[in-house]
Amino acid sequence: MAQMNKRPKHGPNARMMTEKPESIKKSLRFIWGYLKHRKGLLVLALIMVGLNTVAFLAGTNYLEPIIDNFLDPRTATGTVQQRLSGLASGMVTLGCIYSVTVVSSYLQNRFMVKVSQRTINEVRRDLFHHLQELPVRYFDSRSTGDVMSRFTNDVDTLNEALQNGLTTLFSSSITVTGILVLMVRRSFLLTFLAVCSVPLTLLATGRIMKISRRFFQEQQSCLGNVNAYIEEIMSGQKVVKTFCYEDRAREEFYRRNEALRRAAQLAQGYGGMMMPMSKNINNVIYAAVATVGGLMTIYGTMTVGSLVVFMQLVQNFGRPINELTQQYNTVVTALAGTERIASVMEEHLEDEEERKREALPEVIAEGGLYSLVNDGNGEFFWENGKERRRVCGEVRFADVTFGYTEKKRILNGISLWAKPGQKIAFVGSTGAGKTTIINLLTGFYQIDGGSITIDGIDISRIKNDDLRNAMSVVLQDTHLFTATIADNIRYARPAATDEEVVQAAKLASADPFIRRLPKGYDTVIEGDGGNLSQGQRQLLNIARAALADAPILILDEATSSVDTRTERHIERGLDALMEGRTTFVIAHRLSTVRNSKAILVMEQGQIIERGSHEDLLAQKGRYYQLYTGAAELD
Ligand SMILES: Nc1ncnc2c1ncn2[C@@H]1O[C@H](COP(=O)(O)OP(=O)(O)O)[C@@H](O)[C@H]1O
Ligand SMILES: [Mg+2]
């Protein structure tokens, strides 16, 4: 299988911290992918922003005729009475103009909140959806905190930028243009003076921006580190306490927290320098314009009204530029966050692999990928476009090699053949590669060489979901969800009746302890089953697998935490469960695998002995040593 050898290797961390134009483009493209679904609202919001700005400028502009016609005795005409009534009607007009700004800014905010909240909602939804489709490999190589911060920090910063950044960007640019037009119409000389502030500000802030951008990314990355550590230590509190690790955990936290402070201080410090800097430049310019303008009115080349309006414009000219620089921080942080979100979204999907495989010419020629179908009478079939065969549960590994990374090979030439209904056991030291074999059989990871077939079908030709549906698996790591016990067992088959759930629990010997709980099957399990013993959790996991009722059963150290008496108890249930199913058992206690059809002894990724219990004892090899106590596991 050529396509199996080319499995993608991901770098240790798919996110890139360097902000290149390409990545900005990528972020923008990503956001636009969402914004374009609500173009209407966005346009409405921008129209409101435009209206708001125009009304504001019109209001400022209207001050000139009011001052010149009715207030300044040098230019005003008419009687005092006429001037008073003129002033009054001018004020009313001004009031109307300003109420437009109030209404439009209210509406603009409402529309923009809608746009951003809906966008964020979709981003979160897609991110969650996507994460669920990612292969196990992705999560095995990352901390939960790191993945979590895509949802928390990165989504938050994006939200902030969408809600305020976008409109500010738009309103600031039209304000600047409008102000320029109004200024030039009044005095070219003064405009020139006022505009001098722009290159000065840009020159001063440009350098700071460049530096602070780097610190902002650093800050986000440090924040991720801090969060990941909190998550890790909180979820491992028991271990932390057992080993009195608190002080060292505290130290490590201080270190990361300190790194965050340093990065944040630099980022915010540089970011915060921009505002006062550009403000100061603006103040100097304002004073210069006021002086020259004052002289011009004294010499009569400019009316007082015109100067008042001009000064207003100069003052407001700095504001949008300030806002732009202010929003810059938000936007840069958001772009960096968005890029990380986009990178997650670009991660290789499990499904995608399947789609690719399905599109291969040889797969198409053979009728496409196989699905698992149930004929309704409890019979399962493998089916693709060309054929339909009964699911028997025959599993074959032929010379399988595998490594989690390219550098280190974990499995070396594993071959085995489980006939339908047989019980195959794996024994061997921890780290020998037993769980890895299960990871390959369930398709969590793809093999590097050799082949794995079920009923003669290469598992790469079976759809992932269907491959897993064909197996009831009790994983080595138990995991329970925050839900009732019944629902946790039902996880395997949501449609199962209460009767079936109880039946499965009985099979797993979980029924007695569940009944002793205050609310029985309706007891809510909190925080991954913290209120249950490890053994009880295992029993629930077995009950879950029993309910799944699939042709292949996999038990990876399923009873390792259960006492020997309960284990013997379960064994009867398990024997019933194994009846007619191909079963793979990994067990630490050799007593539990004795009755297997074949026992495979694994060491360092290889099968070193195989045979029935009696065969192996007769061989007087590793198994014999283990069994007689001459050697110990681990
Ligand atoms: N997700 C993983 N990524 C990288 N290496 C792994 C991973 N899981 C297991 N390994 C390595 O593979 C080897 C076999 O592990 P495993 O199959 O879990 O052993 P067993 O189940 O026999 O105790 C170990 O050396 C372990 O370090
Ligand atoms: Mg294991």
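The values are calculated or read from the model by the stated rules, or taken from the named source; none is laboratory data. Owing to the predicted nature of the structure, the values given are computational and were not obtained by experimental measurement. Neighbour counts run over all protein chains shown; Cβ positions are idealised from the backbone, glycine included.
For residue 436, the requirement of being part of a helix (DSSP H, G or I), within 16 Å of ligand 2 (Cβ to nearest atom) and over 19 Å from residue 470 (Cβ atoms) is met. On the given criteria, is residue 138 touching an Asp or Glu at 6+ places or on another chain (Cβ under 7 Å) and part of a helix (DSSP H, G or I)? For residue 138, the condition - touching an Asp or Glu at 6+ places or on another chain (Cβ under 7 Å) and part of a helix (DSSP H, G or I) - is met.
Starting from residues that are surrounded by fewer than 18 Cβ atoms within 10 Å (Cβ to Cβ) and within 13 Å of ligand 1 (Cβ to nearest atom), keep the ones in segment 419-434 and report whichever is farthest from the chain's Cα centre (by Cα).
To start, the set of residues in segment 419-434 that are surrounded by fewer than 18 Cβ atoms within 10 Å (Cβ to Cβ) comprises 419-421, 429-431.
Subset that is within 13 Å of ligand 1 (Cβ to nearest atom): 429-431.
Numbers: 429: 36, 430: 33, 431: 31 Å.
Result: 429.
Could you please let me know if residue 185 is among the basic types (Lys, Arg), assigned to a helix (DSSP H, G or I) and modelled with pLDDT of 85 or more? So residue 185 fits the description; yes.
I need the full set of residues from segment 186-216 which are over 15 Å from residue 269 (Cβ atoms) and of a type outside the set (A, V, I, L, M), in order please. 186, 187, 188, 191, 192, 196, 197, 199, 201, 206, listed by residue number. The residue that is nearest to residue 440 (Cα to Cα), counting only those in segment 401-421 that are of a type outside the set (Val, Ile, Thr) and within 16 Å of ligand 2 (Cβ to nearest atom), is 402.
State all residues of segment 509-528 that are in a helix (DSSP H, G or I) and surrounded by fewer than 21 Cβ atoms within 10 Å (Cβ to Cβ); if no residue qualifies, say none.
Filtering segment 509-528 for residues in a helix (DSSP H, G or I) gives 511-516, 520-522, 527-528.
Residues satisfying the conditions are 511, 512, 513, 515, 516, 520, 521, 522, 527, 528.
State which residue is modelled with the lowest pLDDT when the search covers only segment 500-544 and only residues that are more than 16 Å from ligand 2 (Cβ to nearest atom) and closer than 24 Å to residue 436 by Cβ. Full working, then the answer.
Initial filter on segment 500-544 (more than 16 Å from ligand 2 (Cβ to nearest atom)): 500-533, 535-537, 539-540, 542-544.
After this cut, where a residue has to be closer than 24 Å to residue 436 by Cβ as well, the list is 528, 537, 542, 544.
Details: 528: 75, 537: 88, 542: 90, 544: 91.
It comes out as 528.
Considering the conditions (1) under 30 Å from residue 70 (Cα atoms); (2) part of a helix (DSSP H, G or I); (3) among the small types (Gly, Ala, Ser), residue 221 is excluded by exactly one of them, (1). Residues that are more than 37 Å from the chain's Cα centre (by Cα) and among the charged types (D, E, K, R) within segment 550-590 comprise 563, 565, 567, 568, 571, 572, 575, 579, 581, 589, listed in sequence order.
Going by the conditions given, is residue 280 without any contact (Cβ under 8 Å) to a residue 12 or more places away in the chain and either closer than 30 Å to residue 61 by Cα or not assigned by TED's automatic domain parsing to the domain that holds residue 58 (or both)? Lay out the reasoning, then the answer.
Numbers: without any contact (Cβ under 8 Å) to a residue 12 or more places away in the chain: yes; either closer than 30 Å to residue 61 by Cα or not assigned by TED's automatic domain parsing to the domain that holds residue 58 (or both): yes.
In short, yes.
In segment 573-631, the residue that is nearest to ligand 1 (Cβ to nearest atom) out of those that are of a type in the set (D, E, K, R) and assigned to a helix (DSSP H, G or I) is 622.
Applying the set (1) part of a loop (DSSP other than H, G, I, E, B); (2) in contact (Cβ under 8 Å) with a residue 60 or more places away in the chain; (3) in contact with a strand residue (DSSP E or B) (Cβ under 8 Å, 6 or more places away or on another chain) to residue 444 leaves exactly one unmet item: (3). Between residues in segment 546-562 that are in contact (Cβ under 8 Å) with a residue 24 or more places away in the chain and part of a helix (DSSP H, G or I) and residues that are hydroxyl-bearing (Ser, Thr, Tyr) and more than 12 Å from ligand 2 (Cβ to nearest atom), which pairs lie under 6 Å by C-beta distance while being six or more apart or on different chains? As it stands, the answer is 548/472, since those pairs meet every condition given.
Taking each residue of segment 423-440 that is closer than 20 Å to residue 574 by Cα and looking for partners that are near ligand 1 (Cβ under 9 Å from one of its atoms) and assigned to a helix (DSSP H, G or I) with beta-carbon atoms closer than 7 Å, six or more apart or interchain, yields 426/434; 426/437.
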